[in-house]
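Starting off with a structure, shown below.
The values are calculated or read from the model by the stated rules, or taken from the named source; none is laboratory data. Because the structure is predicted, anything quoted here is derived from the model rather than measured. As a convention, Cβ positions derive from the backbone with ideal geometry for all residues, glycine included, and neighbour counts pool all protein chains shown. Ligands, DNA and RNA are stripped out before the accessible areas are found, and what is left, the full protein with its side chains, is counted by its heavy atoms. Shrake-Rupley method; radii C 1.70, N 1.55, O 1.52, S 1.80 Å.
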Amino acid sequence: QVQLVESGGGLVQPGGSLRLSCAASGIIFSIYTMGWYRQAPGKQRELVAAITSGGRTNYADSVKGRFTISRDNAKNTVYLQMNNLKPEDTAVYYCNADFNVRRYWGQGTQVTVSS
């Protein structure tokens, strides 16, 4: 079976940092585009960052310069380093794996940015 397991969420103060991890199993990890999405209460789910099998990255404008996505194919893991966090970053963050018509989601991890 396919599993994507997120970790690293929590409560941080504005200006703080968090590093999210997503460990994948049951897929040929190296060929998948991996991404992070987030959804705040009452709002649409949005793409935060994505990284292709070749290492090309995309970021939402709201996080450019603050967040960095990376992957370690040897560990079947994708990361999201989040720096200078803002209250508007508060959301449930979801890991996504995408290859052609195959698409999988993690269970989500809560990130709360508050003083």
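Which residue, of Gly35, Gly55, Gly42, is open to solvent by 50 Å² or more (accessible area, probe 1.4 Å) and of a type in the set (Gly, Ala, Ser)?
Working: Gly35 fails: open to solvent by 50 Å² or more (accessible area, probe 1.4 Å); Gly55 fails: open to solvent by 50 Å² or more (accessible area, probe 1.4 Å).
Exactly one of Gly35, Gly55, Gly42 is open to solvent by 50 Å² or more (accessible area, probe 1.4 Å) and of a type in the set (Gly, Ala, Ser), namely Gly42.
Another question, if that's okay. Are any residues in segment 11-32 open to solvent by less than 30 Å² (accessible area, probe 1.4 Å) and either farther than 17 Å from Leu85 by Cα or of a type in the set (Asp, Glu) (or both), and if so, which ones?
Scanning segment 11-32 gives Cys22, Ala24, Ile27, Phe29, Tyr32.
Looking at segment 64-115, what strands (runs of 3 or more DSSP E) fall wholly within it and have at least 1 residues that are open to solvent by 60 Å² or more (accessible area, probe 1.4 Å), within 23 Å of Gly42 (Cα to Cα) and in contact with a strand residue (DSSP E or B) (Cβ under 9 Å, 6 or more places away or on another chain)?
Because the criterion is at least 1 residues that are open to solvent by 60 Å² or more (accessible area, probe 1.4 Å), within 23 Å of Gly42 (Cα to Cα) and in contact with a strand residue (DSSP E or B) (Cβ under 9 Å, 6 or more places away or on another chain), the strands (runs of 3 or more DSSP E) in segment 64-115 that meet it are 102-105, 109-113.
If you go through segment 22-58 one residue at a time, how many are part of a strand (DSSP E or B), out of contact with any helix residue (DSSP H, G or I) (no Cβ under 9 Å at 6 or more places or on another chain) and not hydrophobic (A, V, I, L, M, F, W, C)? So that I can check it myself, show each step before the final result.
Applying the first criterion (part of a strand (DSSP E or B)) to segment 22-58 yields 22-25, 33-39, 46-51, 57-58.
Those left that are additionally out of contact with any helix residue (DSSP H, G or I) (no Cβ under 9 Å at 6 or more places or on another chain): 22, 24-25, 33-37, 39, 47, 50-51, 57-58.
If we keep only those that are not hydrophobic (A, V, I, L, M, F, W, C) too, we end up with 25, 33, 35, 37, 39, 57-58.
Total satisfying the criteria: 7.
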